[in-house]
Amino acid sequence: MRPQPSVESILQILNFGSLNVDHVYSVKRFVAPGETLDADAYTVFAGGKGFNQSIALARAGARVAHAGCVGADGLWLRDELTREGVDVEHVRAVDAPTGHAVIQVDPAGENCILIHGGANQSLTTDHIDAALASLSGEAAVLVQNETNLLHEIIDRSAARGLHVILNPSPLNDAIERAPLERVDTFVLNRAEGERLSGESSPDGILSVLRARHPRAVIVLTLGEGGVRHVDGTGEHSAEAESVQAIDTTGAGDTFTGYFVAARVHGESVPRALRIACRAAALCVQRPGAAASIPVRGEL
């Protein structure tokens with residue numbers, strides 16, 4: 001078993017992640033099967049879990065590079081990352097439509113999302129190896145599940161002794177086939193925790209995941225219930241801030257980026273959790289995903 005790299009020693013983060021165009025529709029309620037419903041508003045945003053998390057990391061002050069794919073219709077997403085200070089050397093243009101999402105948002109700020117992977121499914125092992133080879137010194141790899149080759153990303157990153165951070169979203173068979181025993185840090189929400197553990201309570205989720213992955217850090221977000229963090233030294237928790245949500249899209253990505261950045265910057269676990277909860281609270285009070293992510297100075 002390889003030793004777990006210390007997150008506090010990490011100097012840079014490589015994010016293998018999706019790059020999407022988000023089509024957001026404001027609706028009075030979510031569309032039911034067989035129903036046609038008028039939307040109150042329509043907006044286009046830059047998005048994708050990978051894109052959002054790179055933006056959150058950058059706005060939190062982390063040194064971050066993004067690896068992923070876009071089509072010719074999504075080259076503007078690469079430009080957006082560059083403007084935020086993200087290294088886009090390993091964002092490649094491919095012969096496929098850019099990934100996109102159709103998002104319904106109701107008056108309570110809850111969302112319902114349909115995703116088409118498009119170019120996000122075009123990663124190759126050569127692309128992965130080239131991105132990993134560009135890293136120098138202590139580094140972490142962050143990955144979600146909106147691209148292909150999840151298994152290869154985790155395996156090849158772990159083989160290089162990198163700290164592997166997984167946000168297992170969306171949940172599908174690729175997660176169940178992935179080498180989760182090689183993950184150093186899991187950041188997941190309650191629904192993801194329930195599916196991975198087979199338990200419904202936070203205590204049960206954490207107990208099962210800790211038993212299966214005893215050397216890993218488990219960060220379980222619980223929405224209004226706050227967040228719990230467990231590792232080999234014990235448990236910490238933080239309360240969610242009470243705010244009026246307008247749009248919850250991107251809140252989890254904001255939390256992930258800010259939590260990881262805070263830990264990389266040497267913040268204690270309790271303070272990192274509070275910082276990430278504060279950032280997520282600011283995010284949900286604004287429309288959109290990446291557009292709603294706060295900059296560090298707002299916290």
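The values are calculated or read from the model by the stated rules, or taken from the named source; none is laboratory data. The structure displayed is predicted, hence computed values, not measured ones. All Cβ positions, even for glycine, are placed from backbone atoms using ideal geometry, and neighbour counts span all protein chains on display.
Can you tell me how many residues within the range 213-254 are part of a strand (DSSP E or B) and either of a type in the set (A, V, I, L, M) or touching a His at 6+ places or on another chain (Cβ under 6 Å) (or both)?
Quick first cut of the range 213-254, residues part of a strand (DSSP E or B) only: 217-221, 227-231, 234-238.
Next, only the ones that are either of a type in the set (A, V, I, L, M) or touching a His at 6+ places or on another chain (Cβ under 6 Å) (or both) stay: 217-220, 227, 229-230, 236, 238.
So the count comes out to 9.
Would you point out the residue of the range 1-12, among those that are surrounded by fewer than 13 Cβ atoms within 10 Å (Cβ to Cβ) and more than 18 Å from GLY61 (Cα to Cα), that is modelled with the lowest pLDDT? Please lay out each step first, then the result.
Of the range 1-12, the ones surrounded by fewer than 13 Cβ atoms within 10 Å (Cβ to Cβ) are 1-3, 6, 8.
Pick out the ones that are also more than 18 Å from GLY61 (Cα to Cα) and you get 1-3, 6.
Details: MET1: 37, ARG2: 45, PRO3: 50, SER6: 59.
That would be MET1.
In the range 102-153, how many residues are over 30 Å from VAL284 (Cβ atoms), in contact with a strand residue (DSSP E or B) (Cβ under 6 Å, 6 or more places away or on another chain), among the aliphatic types (A, V, I, L, M) and at pLDDT 95 or above?
Qualifying residue count for the region: 1.
Against the definition (modelled with pLDDT of 95 or more, crowded, with 20+ Cβ neighbours inside 10 Å, over 22 Å from ILE10 (Cα atoms) and not polar (S, T, N, Q)), how does VAL217 come out, yes or no?
Working: modelled with pLDDT of 95 or more: yes; crowded, with 20+ Cβ neighbours inside 10 Å: yes; over 22 Å from ILE10 (Cα atoms): no; not polar (S, T, N, Q): yes.
Considered against the rule, which asks whether it is modelled with pLDDT of 95 or more, crowded, with 20+ Cβ neighbours inside 10 Å, over 22 Å from ILE10 (Cα atoms) and not polar (S, T, N, Q), VAL217 comes out as no.
Check ASN120, ASN148 and return the single one that is outside any strand (DSSP E or B) and either farther than 23 Å from HIS23 by Cα or in contact with a helix residue (DSSP H, G or I) (Cβ under 6 Å, 6 or more places away or on another chain) (or both). Don't jump to the end; show me each part of the working.
Details: ASN120 fails: either farther than 23 Å from HIS23 by Cα or in contact with a helix residue (DSSP H, G or I) (Cβ under 6 Å, 6 or more places away or on another chain) (or both).
After applying the criteria, what remains is ASN148.
Show the residue pairs that are 6+ apart or on different chains and have beta-carbon atoms under 8 Å apart, the first residue being within the range 226-244 and among the acidic types (Asp, Glu), the second being surrounded by fewer than 18 Cβ atoms within 10 Å (Cβ to Cβ).
Close Cβ pairs (under 8 Å, with a partner that is surrounded by fewer than 18 Cβ atoms within 10 Å (Cβ to Cβ)) amount to GLU239/GLY226.
Can you say whether ALA67 is in contact with a helix residue (DSSP H, G or I) (Cβ under 7 Å, 6 or more places away or on another chain), modelled with pLDDT under 95, farther than 15 Å from TYR258 by Cβ and surrounded by 20 or more Cβ atoms within 10 Å (Cβ to Cβ), as far as the supplied structure shows? Walk me through how you get there before you give the answer.
On the way: in contact with a helix residue (DSSP H, G or I) (Cβ under 7 Å, 6 or more places away or on another chain): yes; modelled with pLDDT under 95: no; farther than 15 Å from TYR258 by Cβ: yes; surrounded by 20 or more Cβ atoms within 10 Å (Cβ to Cβ): yes.
Criteria not met by ALA67.
Find the residue count for the range 120-160, including only residues that are at positive phi and more than 21 Å from the chain's Cα centre (by Cα). Spell out the reasoning first.
The initial filter retains those residues of the range 120-160 that are at positive phi, namely 137, 149.
This time we only want the ones that are more than 21 Å from the chain's Cα centre (by Cα), so: 137.
Residues that pass the stated criteria total 1.
Quick check, is ILE165 part of a strand (DSSP E or B), crowded, with 24+ Cβ neighbours inside 10 Å and either among the β-branched types (Val, Ile, Thr) or without any contact (Cβ under 8 Å) to a residue 40 or more places away in the chain (or both)? Spell out the reasoning first.
On the way: part of a strand (DSSP E or B): yes; crowded, with 24+ Cβ neighbours inside 10 Å: yes; either among the β-branched types (Val, Ile, Thr) or without any contact (Cβ under 8 Å) to a residue 40 or more places away in the chain (or both): yes.
Judged against the criteria, ILE165 is a match.
Going through the range 190-202 one residue at a time, which ones are surrounded by fewer than 20 Cβ atoms within 10 Å (Cβ to Cβ) and not in a loop (DSSP other than H, G, I, E, B)? Write out each step before concluding.
Pass one, the range 190-202, residues surrounded by fewer than 20 Cβ atoms within 10 Å (Cβ to Cβ): 190-191, 194-195, 198-202.
Answer for the range 190-202, where residues must be surrounded by fewer than 20 Cβ atoms within 10 Å (Cβ to Cβ) and not in a loop (DSSP other than H, G, I, E, B): ARG190, ALA191, GLU194, ARG195, PRO202.
Residues of the range 262-281 being surrounded by fewer than 19 Cβ atoms within 10 Å (Cβ to Cβ) and free of Cβ contacts under 8 Å to residues at least 24 places away in the same chain, which ones?
GLU267, SER268, ARG271
For the range 88-108, name all the residues that are under 26 Å from LEU135 (Cβ atoms) and in a strand (DSSP E or B).
Across the range 88-108, the qualifying residues are VAL88, GLU89, HIS90, VAL91, ARG92, ALA93, GLY99.
With the condition kept exactly as written, say whether any residue in the range 245-261 is touching a residue at least 40 places away in the same chain (Cβ under 8 Å), more than 21 Å from PRO170 (Cα to Cα) and over 16 Å from the mean Cα position of the chain (by Cα).
yes
Among the residues of the range 13-28, write down those that are surrounded by 13 or more Cβ atoms within 10 Å (Cβ to Cβ) and assigned to a loop (DSSP other than H, G, I, E, B). If you could, list the steps in order and put the result at the bottom.
Of the range 13-28, the ones surrounded by 13 or more Cβ atoms within 10 Å (Cβ to Cβ) are 13-27.
Hits for the range 13-28 are GLY17, SER18, LEU19, VAL27.
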